[in-house]
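The values are calculated or read from the model by the stated rules, or taken from the named source; none is laboratory data. Just so it is clear, the structure is predicted and the values come from calculations on it, not from any experiment. Positions of Cβ are backbone-derived with ideal geometry, glycine not excepted, and every protein chain shown enters the neighbour counts.
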Amino acid sequence: MLTKSFLLAICAATLALAAPNDYSDPKTWLCRPSQHDACDTDLTTTVIRADGSLSRESWTAAKDAPIDCFYVYPTVSTDPTPNSDMTPDAAELNVIRQQFARFGSQCRRYAPMYRQVTLAGLRQLLGGGSGALDRGLQYDDVLDAWKYYLEHDNQGRGFVLIAHSQGSFILQRLIREEIDGKPVQSRMISAILAGATLAVPRGKDVGGAFEHVPLCRSGSQTGCVISFSSFRSTAPPPANTLFGKVAGENLTAACTNPASLSGGSGELRAYLSTDGSMIAGAAALKPWGADGRKIQTPWVSLPGLLTARCTSNENATYLEVTVHGDKAGSRVEDIPGDLSANGQTLAQWGLHLVDMNLAMGNLVDIVGQQAKARLAKSK
C-alpha cells in the first residue's frame, strides 16, 4: 500500500526533475568559451594516405573567433530513466569530441547539457511508446539554454546551429518557432541538422519545415541549412528506413552534400576515432595501416577513401557514401559506422553513428567560408 508520505515524495521528485535549469550556472554547459570543459580535448590526427604514408595534423582552437556555434547533441545518454539527468557522463563527453569540439577552429563553442530522451527512452519510443523527440522536457531545456545564450552571450554575433539526431529534431522546432521569419534570423549564418529528416517541397530549396530558411548550395551562402543522413552505397535505405522518408506527395527529404553543396559527388574529409569509438559503442577494427604500425594520435584521416552524393531510391532521399577501399592496399579498406544487434546490421539506421564524423572536415571548412562571407557582407 502506498502511503501519503511516499506519494508526496514521488511528487516532489517529479517536480524537481521538471524544474527549469539555471543556465547561468557553468555546470549546465558542456562547452562555453573561456572555461575548461569537454571541448578541451586532443584533436591531433594522423593522416593515412592510400600509399600507407603517415603525416601528423595538429589542431588548435581559434583565438577571438568572429562567430559562435551552438550545439545540441544526439541521443547518447546511458541513464536508465526516460530522460537523462544533468550530470555529464562518459557518453556526453565523448559526443563532444566526436561531433563538436573541432568546430572550435572557426567559432566560440556553446553546448548546453539538457535532459534528453535517453537510449532507454528512445527504445520505448521506437517500440510504440508515446512522446516525441522535439516535445517535452528535452525541448524546454534547449529552449531555455538558447534564450540564455541570446540574452547574455550573443551580443549581435553571427551564429551557426549544429545538431545530430535528437538534437536535429529539437533544433528544427526551435528554428521554426524562434528564428524563422524573426529578426534574429539575420544573425543565423547556417544550421547543420544531420541525422534527421527535414522536409522540403520537391524541386525546391525552401518551404516545408521552414518558410524562410533555404538549403545551402554554396560555401558563401549564409542563412541556410545543411541536412543529410548517410547510407553506404552498398546498403541503401530499406523500406523501414528511419531517415530520408517524408509523408506527402509534394514533399521530400532534404539532402545537402557537405562534400559538394552545389550538387554531384565530392570527397568526404572524415575524422574517425583511432580506437574505433563512435557516438555510441565502438567498432572492432583492423589496423589502420597495412603494416600494422600503431597510430599514436586519437584521430585518423583517410584522404581519398570516401566520396558522397545525394541520391534517392524508392524508400528515401539520402547521402550515399562510397568507400573506395583496396583490400590489397596499404591502409584499411573500410570504415566503421554500422549499427548492429545480435550480430545483424540494422540497415534502417544507415551510417548514423558516424554521420558527423564522415563529413567533419567538409563541415568545418564550410562554416569557415560562411563566416568569411558574413563578415564581408557586414563590412
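Among the residues of the stretch 344-357, the ones that are assigned to a helix (DSSP H, G or I) and in contact with a strand residue (DSSP E or B) (Cβ under 6 Å, 6 or more places away or on another chain) come to 3 in all. Does the stretch 86-101 contain any residue that is aromatic (Phe, Trp, Tyr), closer than 17 Å to residue 158 by Cα and either out of contact with any Gly (no Cβ under 8 Å at 6 or more places or on another chain) or at pLDDT below 95 (or both)? Among the residues of the stretch 86-101, not one is aromatic (Phe, Trp, Tyr), closer than 17 Å to residue 158 by Cα and either out of contact with any Gly (no Cβ under 8 Å at 6 or more places or on another chain) or at pLDDT below 95 (or both), which makes the answer no.
For the stretch 244-258, residues that are within 21 Å of the chain's Cα centre (by Cα), assigned to a strand (DSSP E or B) and without any contact (Cβ under 8 Å) to a residue 60 or more places away in the chain total 0. If I ask for residues that are hydrophobic (A, V, I, L, M, F, W, C) and touching a strand residue (DSSP E or B) at 6+ places or on another chain (Cβ under 6 Å), which ones from the stretch 134-150 would you list? Correct list: 137, 142, 145.
Which of (1) buried (at least 23 other Cβ atoms within 10 Å of the Cβ); (2) part of a loop (DSSP other than H, G, I, E, B) is the odd one out, the single condition residue 102 does not satisfy? Checking residue 102 against (1) buried (at least 23 other Cβ atoms within 10 Å of the Cβ); (2) part of a loop (DSSP other than H, G, I, E, B), the one that fails is (2).
Within the stretch 118-137, being assigned to a helix (DSSP H, G or I) and out of contact with any helix residue (DSSP H, G or I) (no Cβ under 7 Å at 6 or more places or on another chain) holds for 119, 120, 121, 122, 123, 124, 125, 126. Residues that are of a type in the set (Val, Ile, Thr), at pLDDT 95 or above and within 30 Å of residue 338 (Cα to Cα) do occur in the stretch 195-203.
One line per residue, one yes/no per condition, for (1) surrounded by 15 or more Cβ atoms within 10 Å (Cβ to Cβ); (2) in contact with a helix residue (DSSP H, G or I) (Cβ under 7 Å, 6 or more places away or on another chain); (3) modelled with pLDDT of 95 or more:
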{"site": "304", "(1), (2), (3)": "no, no, yes"}
{"site": "341", "(1), (2), (3)": "no, no, no"}
{"site": "360", "(1), (2), (3)": "yes, yes, yes"}
{"site": "376", "(1), (2), (3)": "no, no, no"}
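Among the residues examined, residue 110 qualifies as out of contact with any His (no Cβ under 8 Å at 6 or more places or on another chain) and in contact (Cβ under 8 Å) with a residue 12 or more places away in the chain. Counting only residues that are β-branched (Val, Ile, Thr) and within 21 Å of residue 186 (Cβ to Cβ), how many does the stretch 105-161 have? The qualifying residues number 1.
Restricting the stretch 239-265 to residues that are β-branched (Val, Ile, Thr) and more than 19 Å from residue 358 (Cβ to Cβ), the residue that is modelled with the highest pLDDT is 252. Across the stretch 17-37, a minimum of one residue is classified as of a type in the set (A, V, I, L, M), loosely packed, with under 13 Cβ neighbours inside 10 Å, in contact with a helix residue (DSSP H, G or I) (Cβ under 7 Å, 6 or more places away or on another chain) and touching a residue at least 24 places away in the same chain (Cβ under 8 Å).
The set of residues in the stretch 253-286 that are loosely packed, with under 13 Cβ neighbours inside 10 Å and either polar (S, T, N, Q) or over 23 Å from residue 343 (Cβ atoms) (or both) comprises 262, 263, 264.
Annotation note: Cβ proximity below 7 Å between a residue of the stretch 308-330 that is without any contact (Cβ under 8 Å) to a residue 12 or more places away in the chain and more than 16 Å from residue 199 (Cβ to Cβ) and a residue that is of a type in the set (D, E, K, R) and assigned to a loop (DSSP other than H, G, I, E, B) (sequence gap 6+ or interchain) occurs for 327/333. Residues that are part of a strand (DSSP E or B), touching an Asp or Glu at 6+ places or on another chain (Cβ under 9 Å) and crowded, with 19+ Cβ neighbours inside 10 Å do occur in the stretch 321-337, at least one of them.
Do we find that residue 170 is farther than 23 Å from residue 272 by Cβ, modelled with pLDDT of 95 or more and not basic (Lys, Arg) in this structure? Yes, satisfied.
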